[in-house]
Amino acid sequence: MNEREPERVEAKGSGNRNARILITDHIAEEGIIKLQEFGEVDIRLGVSEDDLKACIADYDALIVRSGTRVTGEVIAAGTKLKVIGRAGVGVDNIDVESATERGIMVVNAPEANTISAAEHTIGMLLSLSRKIPAANQSLKSGEWSRKKYMGVEVNGKVLGIIGLGRVGSEVAKRARGLGMRVVAYDPFISKTKAVELGVTLMSLSDVLSTADFVTLHTPLLKDTYHLIGKKEFELMKDGVRIINCARGGIIDEDALVEAIRSGKVAGAALDVFEHEPPPPDSALLALDEVIVTPHLGASTEEAQRAAAIVIAEEVIRALENKPVRNALNMIYVEEELMEVMKPYLVLAEKLGRLSAQLIPESSRVAEFNVYYEGEIGASRLDTRLITGAMLKSFLSWFTDGVNYINAGAMAKKFGMKVTESKSEEVENFSSMLTLVTRMQGDGGSWLKKTVSGTLFGKDDMRIVKLDDYRIDASPSGFMLICTFIDKPRVIGPVCTILGDYGINIAGMQVGREKAGGEAVMVLNVDSNVGMEVMEEIKKVPNIIDVKLVRL
Ligand code: NAD
Ligand code: MLT
């Protein structure tokens with residue numbers, strides 16, 4: 001395969017032949033075949049960032065491992081991109097925030113290589129404790145030196161795990177099988193899980209001062225960058241051994257070199273480096289106490305096959321707009337729950353769009369509060385997706401390019417605070433969804449707009465509340481919403497004006513708080529209502545305001 005020129009593989013199957021997928025790191029054949037059955041696949045291994053920026057606009061999907069840096073600039077150039085697939089777990093080489101802002105899904109294969117990474121860690125642990133790589137090298141170079149390669153047992157020693165997630169947990173199980181006592185630091189893991197694994201949770205400093213071997217299994221994040229540096233080495237036991245099969249950058253490599261040279265650290269086994277590959281003159285590579293592998297944690301036939309298949313399937317599902325289990329920036333809903341959720345998603349979109357059209361022009365929306373009441377409030381549905389649907393359709397009224405992925409980020413950018421509230425109680429309906437927007441008008445005064453909707457059965461949606469008015473209107477097509485003073489000769493003249501212009505009224509609802517007070521009239525009309533008609537309606541005595549909305 002040419003490493004620079006794209007290898008073009010035409011679509012063979014019945015999938016979306018228009019979808020173009022770019023793969024820039026090596027993934028197993030099984031995944032490539034699945035992708036080829038779906039769309040048109042180009043493979044450009046080792047592509048530079050500039051070349052990637054130049055070609056990415058042609059693609060709907062990009063699939064990488066850790067070799068490709070998917071920067072904000074690459075993402076910005078990917079104007080057609082819908083999904084970025086990571087055939088593995090770590091997404092530190094992908095600017096997920098930029099992808100989210102641009103509404104691009106990022107999906108990974110988090111479980112595919114867990115066992116392989118844990119087995120590699122154990123391999124490194126034993127290689128380090130028994131100096132196997134150096135002994136191998138020595139014998140092959142003609143030496144028979146047994147004394148020089150004296151090791152230590154791991155049995156009875158303390159293994160300190162930093163990050164007790166998928167890989168960390170599997171390492172813990174295997175280390176216990178080797179007779180080690182396992183302690184761990186992970187601020188996000190429950191005591192119950194640690195107890196199940198037979199692991200003692202401790203503070204970071206306690207783990208560091210207790211362990212004979214320290215192994216790292218956190219993601220590389222802002223918080224974990226150089227998590228282990230000079231200060232942390234000082235806390236460790238003399239003669240400690242370190243293993244890093246997670247990510248370079250979690251250890252401060254200069255501090256590690258110093259700690260080895262000073263004798264504090266007896267040895268280190270590294271599969272990952274801050275810069276991959278590390279420069280040939282790297283001080284780490286020159287140290288006998290350091291054993292290395294070139295990022296091989298996931299390099300097994302099983303892990304690569306699984307990662308490639310999972311990522312191909314997930315990318316295809318994303319391109320088909322189906323729920324994606326491993327998306328990092330999109331909520332996943334199981335298919336059977338999706339069936340229950342769908343009508344609510346449609347209702348939420350209607351409420352979002354309705355509210356957007358009712359808020360006064362040039363007001364600044366500061367709060368977007370969604371209330372779930374009744375059965376929906378008590379259900380186990382993940383309502384964040386419903387809120388997302390409402391937010392997406394609300395924002396889409398004001399700006400382009402909003403989708404489920406970036407709706408939250410867009411709201412934040414506009415300074416909107418999004419909240420959800422739930423209650424099992426609701427009057428009159430089995431479930432009710434309410435959107436309350438709070439906004440600041442031109443003069444700085446605060447306004448509130450409320451719209452509520454419900455479902456009668458699966459498909460029968462109704463708007464049941466507009467601000468303080470109870471109504472029962474079907475949220476479809478063109479709707480004329482008039483607020484007026486509840487006096488005679490308002491409803492009739494409005495209907496006459498519509499009739500005079502040949503606009504057919506399909507449904508009408510009137511809501512009022514008390515006779516003679518303010519009231520609202522919602523008219524479902526069969527066609528658009530032009531400016532001229534609107535102006536005429538506004539002139540009807542006792543009309544306060546008229547708005548035409550389209551749902
Ligand atoms: P995971 O998300 O399942 O686990 C990570 C754990 O780290 C979580 O439990 C999290 O709570 C914990 N954590 C986060 N911040 C922490 C902090 N500041 N201090 C302590 N713990 C913290 O991830 P995973 O699938 O177990 O992968 C772990 C690491 O291994 C990742 O960096 C991943 O990229 C890497 N990895 C490397 C290879 C390889 O080829 N060498 C293969 C697989 C995974
Ligand atoms: C991962 O994060 O999955 C690993 O680094 C494995 C890899 O992609 O090679």
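Just so it is clear, none of the values below were taken in a lab; they were calculated from the coordinates. Predicted model, so just to flag it, every value in this text is computed and none were measured. Reconstructed Cβ throughout: ideal geometry from the backbone, glycine too, with neighbour counts over all protein chains shown.
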per DSSP, antiparallel bridges as share of beta bridges in the chain, % nearest 5, sits at 55 percent
Could you compute the FRET efficiency for E427 and D223, with r as their C-beta to C-beta distance and R0 at 51 Å, rounded to 0.05?
-> 0.65
Computed over region 331-467: relative contact order in percent, which uses C-alpha pairs under 8 Å that are six or more apart = 33 percent
For region 102-184, just the Cα set please: Rg and Dmax, both in angstrom.
-> 17.4, 61
Hey, rough spin-label estimate for N18 and E339, points 7 angstrom out along Cα→Cβ, what's it come to in nanometres?
-> 3.0 nm
What angle do you read, to the nearest 10 degrees and between 0 and 90, between the alpha-carbon axis of helix 335-358 and the longest principal axis of the chain?
-> 50 degrees
Roughly how tilted is helix 301-319, in degrees to the nearest 10 and between 0 and 90, from the longest Cα axis of the chain?
-> 10 degrees
Quick one: helix 384-396 against the long Cα principal axis of the chain, what's the angle to the nearest 10°, folded into 0 to 90?
-> 60 degrees
Rounded to the nearest 20 debye, dipole of the chain from Cβ charges on Lys, Arg, Asp, Glu | 900 debye
Report the percentage of all Cα-Cα pairs in the chain whose separation exceeds 45 Å, rounded to a whole percent.
-> 35 percent
Before rounding to the nearest 500, sum -39500 (n - 2.57) across all DSSP H runs of length at least 4 in the chain and divide by the residue total; then give [θ] at 222 nm in deg cm²/dmol.
-> -10000 deg cm²/dmol
Over 29 Å between C-alpha atoms is what I'm after, so list which of K322/K458; K514/K539; K487/K547; K392/K514; K34/K82; K80/K350 land there.
-> K392/K514
One finds the C-alpha centres of region 420-459 and region 302-366 to be spaced, in Å, by 22 Å
Got the relative contact order for the chain handy, in percent, Cα pairs under 8 Å and 6 or more residues apart?
-> 11 percent
State the Cα centre-to-centre distance between region 243-290 and region 71-113 in whole Å.
-> 29 Å
Order of R325, R174 - criterion: other Cβ atoms within 10 Å of each residue's Cβ, fewest first | R325, R174
Once both labels are modelled 7 Å past Cα along the beta-carbon direction, what's the S209-N504 spacing in nm?
-> 8.3 nm
Could you tell me whether region 473-551 comes out rounded, prolate or oblate from its Cα gyration tensor? Rule is a ≥ b ≥ c as square roots of the eigenvalues, rounded for a/c under 1.5, then prolate if a/b exceeds b/c, otherwise oblate.
-> oblate
Relative pair counts by distance (%), Cα atoms of region 234-285, 10 Å bins = 25, 58, 17, 0
Would you mind computing Rg(Cα) / (2.2 N^0.38 Å) for region 331-467, counting N as its residues?
-> 1.01
Burial ordering of H295, H226, fewest other beta-carbon atoms within 10 Å first = H226, H295
Take region 114-292, compute every pairwise Cα distance, and split them into 10 Å bins from 0; I just need the percent in each bin.
-> 10, 40, 37, 12, 2, 0
